[in-house]
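Take a look at the structure set out below.
Derivation of every value follows stated rules applied to the coordinates shown; laboratory data play no part. For clarity, every value in this text was computed on a predicted model and none was experimentally measured. Cβ placement follows ideal geometry from the backbone for every residue including glycine, while neighbour counts extend to all protein chains displayed.
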Amino acid sequence: MRREGRVFLWLGGAIVAMLLLVALLAPLISPFDPRAIAGPSLAAPSTAHWLGTNDAGQDILSQLIWGTRSSAVVAVLAAGLAVGLGVAVGATAGLLGGWADLLAMRVVDVFLAVPALPLLILVAALAGPSRSTVILVIGMTGWPPVARVVRSQTLTLAGRGYVAAARGFGSGWLYVIRRHLVPTLAPLAVANFVYWAATAVVLQAGLAFLGLVDPTEVSWGSVLNRALAHQGIYFSEVWLWWVLPAGLAVTVAAFGLALLGVGLEPRANPRWRRA
Amino acid sequence: MAALLEVSDLRVRFDGGVDALRGLSFSLDRGEALAIVGESGAGKSTLAHSIVGLIQPPQASGSVLLDGRELLGADEQTLRSLRWSTVAIALQSMPFNPVASVGAQVAEPLREHRAMASAQARARAAELAEEVLLDPALLDRFPHELSGGERRRATLAMVLALDPELVILDEPLSGLDPDTKLELLAGWTSIAGRRGLAMIVISHDLPAAAQLAARSMVMYAGEVMEAGATSAVIERPAHPYSWALVNAYPVMSTTKDLRPIRGQPPDPRAVPPGCPFNTRCTQVETICREQHPPLARSRGRLVACHFGGLKELLSATDLHKTFRSDGRPVHALQGVSFSVGEGEAVGLIGPSGSGKSTLSRILTGHLAPDGGAVLLEGSALSASWRRGSRERRRRIQLVMQDPWDALSPRLAVEELVGEPLDVGSDGGADRRQAAVAEMLDAVGLPSSGTFLRARVHELSGGQLQRIALARALMTRPKLLVADEPTSMLDPSEQARLLVILRELQVEMGLGLVLVSHDVAVVRKVTDRVVVLDAGRVVEDGRTERFSAAPRSATGRRLVAAAPAFAPRVEEEES
């Protein structure tokens with residue numbers, strides 16, 4: 001398992017790193033302004049427009065490059081929100097115990113019962129499909145499972161002999177958190193972060209696919225949405241450079257993150273290392 | 001009536017600044033027996049020689065009054081009149097003349113001091129030989145023709161020749177076989193009783209001394225450390241030195257392994273200031289290095305210790321703890337009181353569910369009791385996060401049953417052992433490294449680089465438990481509570497851990513609470529056993545008594561269940 005794990009880790013890491021690089025360098029590597037009309041409508045791929053243009057004559061490659069940035073921002077912020085909130089609530093509940101734990105876990109139960117995608121559709125439809133709404137909704141549906149796992153890890157840790165021993169030789173609770181809790185939760189948090197980043201990328205694209213997208217925004221979802229809304233998109237070859245690359249971008253990003261998640265799994269779970 | 005012997009403030013200093021006796025006072029009544037015990041070099045023989053006037057001023061000062069007469073500074077004639085007839089000494093190896101018959105030598109004091117005729121003296125010698133159970137026929141032989149035991153009897157006959165009132169026996173039994181020892185002991189006891197003899201028995205053979213004398217005096221570095229009734233001094237020693245001495249002596253009545261006294265006796269030319277035992281004592285404090293402790297009354301005897309003897313390290317009184325399981329109360333502890341003395345090893349045994357682990361967690365401040373209190377070195381121990389209680393908890397450490405649980409799988413050996421240092425304020429990377437290496441060494445583990453980097457899953461249970469032990473010792477605790485430390489180890493690892501525990505107990509002066517359900521393990525390591533059943537103490541007594549004859553039903557069950565090699569005897573074929 002060890003070697004495959006490392007292959008997953010490297011491959012996933014490479015894909016994610018590449019996408020992040022693209023997102024970061026978008027203004028430099030993008031050949032055109034993604035919103036500008038850069039050429040004729042529905043032009044086929046050429047040396048000027050590697051992926052052709054859309055119906056409005058905008059460069060599709062530039063739109064995908066800028067879309068990477070949009071996806072990265074949503075992924076990082078949504079996953080950060082979900083994991084940050086989850087770790088905070090879970091660790092606090094686990095450490096404090098008693099009524100605080102009880103209350104936190106009931107709230108988690110309620111949130112867990114709410115399905116993410118329908119809620120997202122509802123909120124997007126009612127509040128408008130802005131990027132911050134998407135981030136907020138993914139974050140708010142993502143934290144409960146994280147909180148639950150973190151709480152159980154915290155509880156397990158609190159019952160471990162080495163934490164009792166640390167108390168026995170006079171350590172304070174700050175020391176226990178720094179020396180024992182953080183190293184225990186860190187791999188878990190990273191793995192969850194990767195998982196929710198992948199989910200956020202797919203959900204954002206999924207919403208756009210359903211038409212819940214801000215048309216002024218440049219994202220993989222809005223490219224897809226516009227392409228699919230185009231009458232008779234499949235009657236010509238246009239879908240080959242308009243729909244396919246955008247769908248592929250979403251797939252590659254989700255795949256890369258998934259690989260990274262699988263590769264990180266052994267680190268998140270110390271029992272894997274012992275075997 | 002005045003005492004037969006009155007020694008006061010006796011000091012002896014030999015050439016070269018050797019302080020053999022440093023202010024000794026005691027008295028002895030007629031017909032009384034006193035045992036003087038202590039390690040070699042404690043000044044026992046010097047004391048004996050002073051009492052017969054062999055050591056005189058200017059080497060000796062103070063006063064030795066024998067039957068009202070001062071021996072120190074007395075003229076040769078007075079001494080001669082007292083020797084043999086009032087006080088007689090049987091030396092460790094009596095210097096017999098190899099070319100004269102034993103009988104002639106026994107008769108010699110009679111002829112010299114009583115001016116007896118040769119025949120009369122010979123007849124008296126034969127009488128004396130019979131009194132000491134020596135075949136009178138042997139009197140015609142030469143010393144080298146007698147056995148060791150026979151020579152001792154001849155010595156005694158000689159010593160008794162002039163009917164002294166006080167006999168000093170200097171190492172009377174050394175080098176003899178047990179049978180002979182027993183016979184001689186019985187012989188002396190009856191002779192002393194018959195004649196109303198006062199005896200001073202000088203020995204490092206504790207059981208012999210205890211058998212001969214009703215009073216005992218423990219000497220160390222030329223001073224009296226403890227004096228009183230033998231039943232108190234030898235059976236329940238109060239002074240740390242007497243306690244260590246008794247523990248170092250192999251006797252059938254203890255089941256525990258021998259425990260050497262740590263360190264070496266002091267050089268008589270440079271006895272440390274303050275209490276002479278302070279370099280080897282386990283409960284030493286600043287006052288011990290600065291002030292000389294007076295011999296004062298404590299616990300029914302005289303003890304020369306600033307603290308009146310061994311301190312009480314840990315005392316728990318009336319502990320209660322109730323857990324809830326499915327809403328029903330489970331009474332884990334119902335009024336348990338428990339104490340551990342300085343350097344003492346106490347076994348805490350009981351069946352599963354008797355509350356042993358709960359008690360050990362409360363004793364170490366890992367769990368708060370519902371009622372009752374735990375005092376460690378006189379101050380309360382609590383389970384709170386407050387700084388004061390955290391500091392105090394460092395003085396008592398818990399070694400847990402499961403080393404895989406007690407050691408973090410994320411940390412390497414060096415981090416594990418060094419963890420207590422990270423918590424404490426005493427930092428410094430090189431100091432930390434040295435301390436880790438020293439502790440690993442103490443528990444018999446390597447301190448090489450590869451081992452220091454090893455992680456929990458790479459090591460055996462025995463190694464892990466020793467790492468846990470090393471970590472616990474890192475805070476220099478006064479007391480160690482080991483909760484079934486060997487239950488997850490194989491027999492060879494178990495033996496190693498127990499040996500290490502015992503050594504550390506001596507070297508570091510640790511108090512030890514060994515929690516176990518295995519009587520066989522507990523009896524090898526502990527001085528005292530406390531039996532717990534259903535949250536109550538049902539028995540508390542010395543380990544050897546407990547393992548020989550447990551008083552409680554629970555104790556009997558546990559002893560019966562203890563593993564023993566009992567080969568099944570095959571039915572003999574007829």
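Tilt of helix B:461-473 relative to the longest C-alpha principal axis of chain B, in degrees (0 to 90, nearest 10)?
80 degrees
Using a 10 Å cut-off around each Cβ of peptide B:365-376, what is the average number of partner chain Cβ atoms that fall inside?
Per residue, the number of nearby Cβ atoms from other chains is 1 on average.
Which one of A:GLY170, A:GLY263, A:GLY86 has the biggest mean-square fluctuation once chain A is modelled by GNM with Cα springs under 10 Å?
A:GLY170
Straight-line reach from B:LYS478: which lysines fall under 19 Å, measuring Cα to Cα and dropping same-chain residues less than 8 apart?
B:LYS311
Taking only Cα atoms, what is the 0 to 90° angle, nearest 10, from helix A:2-24's long axis to the longest principal axis of chain A?
Long axis of A:2-24 versus the principal axis of chain A: about 50 degrees.
In terms of modelled amide H atoms, which long-range or inter-chain residues lie less than 5 Å from the amide H of B:ILE36?
The answer is B:VAL201, B:ILE202, B:SER203, B:MET217.
For the pairs B:LYS44/B:LYS181; B:LYS321/B:LYS524; B:LYS356/B:LYS524, flag any whose C-alpha to C-alpha distance is greater than 25 Å.
Flagged as over cut-off: B:LYS321/B:LYS524.
Run through the range B:1-72 and list the trypsin sites (Lys or Arg not before Pro) located in a DSSP loop whose Cβ has at most 16 other Cβ atoms within 10 Å.
When the trypsin sites (Lys or Arg not before Pro) of the range B:1-72 are filtered for loop state and at most 16 Cβ neighbours within 10 Å, B:ARG30 remain.
In what sequence, highest mean first, do B:479-489, A:93-103 appear when ranked by Cβ atoms within 10 angstrom?
So the order, starting with the most tightly packed, is B:479-489, A:93-103.
Other chains near A:156-165: what is the mean number of their Cβ atoms within 10 Å of each residue's Cβ?
6
Convert each backbone phi in the range A:171-177 into a coupling constant with the Karplus relation 6.51 cos²θ - 1.76 cosθ + 1.60 (shift: θ = phi - 60°), then list the ³J(HN,Hα) values in order as whole Hz, x for Gly and Pro.
After applying 6.51 cos²θ - 1.76 cosθ + 1.60, I find 7, x, 6, 5, 5, 4, 5 Hz.
Would you grab the residues whose amide H sits under 5 Å from the one on B:ASP540? Only those 5+ places off in sequence or on another chain, please, with H modelled 1.01 Å from N.
HN-HN under 5 Å from B:ASP540: B:VAL531.
Between helix A:116-127 and chain A, what is the angle of the helix's C-alpha long axis to the longest principal axis, kept within 0 to 90° and rounded to the nearest 10?
It works out to around 60 degrees.
Over the whole of A:179-189, what's the average partner chain Cβ count within 10 Å per residue? Rounded to a whole number, please.
Per residue, the number of nearby Cβ atoms from other chains is 2 on average.
Relative contact order (percent) for the range B:340-561, with alpha-carbon contacts under 8 angstrom and 6 or more residues of separation?
Across the range B:340-561, relative contact order equals 33 percent.
Which far-off residues, 5 or more places away or on another chain, put their amide H under 5 Å from the one on B:ARG30, with H placed in the peptide plane?
Excluding prolines and chain starts, which carry no amide H, the hits are B:LEU4.
Beta carbons within 10 angstrom, averaged per residue: use that to sort the peptides A:203-211, B:392-400, highest first.
The densest-packed peptide leads the list: B:392-400, A:203-211.
What are the radius of gyration and Dmax of the range B:340-561, computed over its Cα atoms and given in Å?
Here Rg and the maximum Cα pair distance are 17.5, 54 Å.
May I ask what percent, to the nearest 5, of DSSP beta bridges between residues of the protein assembly as shown are antiparallel?
Of those bridges, close to 60 percent are antiparallel.
Through the Karplus equation 6.51 cos²θ - 1.76 cosθ + 1.60, θ set to phi - 60°, convert the phi angles of the range B:405-417 into ³J(HN,Hα) values in whole Hz; use x for Gly and Pro.
Result, rounded to whole Hz: 7, 7, 10, 5, x, 7, 9, 8, 3, 4, 5, 4, 5.
State the antiparallel share, in %, of DSSP beta bridges confined to the range B:340-561, rounding to the nearest 5.
35 percent
Between the range B:268-329 and the range B:28-60, what is the C-alpha centre distance in whole Å?
Rounded to whole Å, the Cα centres lie 30 Å apart.
Using the Karplus curve 6.51 cos²θ - 1.76 cosθ + 1.60 with θ = phi - 60°, work out ³J(HN,Hα) for each residue of the range B:105-111 in order, rounded to whole Hz, and write x for Gly and Pro.
6, 5, 6, 4, x, 4, 5
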